[in-house]
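What follows is one structure encoded as structure tokens, with my remarks underneath.
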């Protein structure tokens with residue numbers, strides 16, 4: 001079953017400047033915790049963070065451990081193993097063969113109808 005894109009994360013050295021930019025230019029609603037409301041992005045929720053510039057796309061998967069095994073078998077590598085933030089999210093990070101850092105979110109994935 002294909003893995004849907006379920007979340008995105010954008011970082012930069014000044015998260016406040018990123019917030020102002022995306023709110024001002026694109027009309028996104030970004031709260032004080034830097035969470036991006038999915039209503040303004042076509043339904044996809046996201047977040048901003050203060051770190052070196054990068055973007056991470058998170059894919060939904062029912063089994064992170066199995067997905068990470070498939071990643072490594074196909075030439076990628078694990079950047080962060082399955083991590084549980086209780087009551088919030090279960091996620092992992094991987095590098096694809098080109099070195100792009102990507103994320104996995106453990107969730108029930110259903111087929112599109």
Tabulated pairs, the stretch 84-97, first on the phi < 0 side of the Ramachandran plot and free of Cβ contacts under 8 Å to residues at least 60 places away in the same chain, second exposed (fewer than 13 other Cβ atoms within 10 Å of the Cβ) and assigned to a loop (DSSP other than H, G, I, E, B), C-beta under 9 angstrom, 6+ apart or interchain
96/74; 96/75; 97/74; 97/75
Identity of the residue in the stretch 53-73, assigned to a helix (DSSP H, G or I) and touching a residue at least 40 places away in the same chain (Cβ under 8 Å), that ends up surrounded by the fewest Cβ atoms within 10 Å (Cβ to Cβ):
67
Answer yes if at least one residue in the stretch 21-36 is within 12 Å of the chain's Cα centre (by Cα) and not in a strand (DSSP E or B), and no otherwise.
no
More than 23 Å from residue 100 (Cα to Cα), at pLDDT below 95 and surrounded by 12 or more Cβ atoms within 10 Å (Cβ to Cβ): which single residue out of 43, 27, 38 fits that description?
38
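The values are calculated or read from the model by the stated rules, or taken from the named source; none is laboratory data. On a predicted model such as this, the values are computed, not experimentally measured, just so you know. Every residue, glycine as well, gets a Cβ built from its backbone with ideal geometry; the counts of neighbours run over all protein chains shown.
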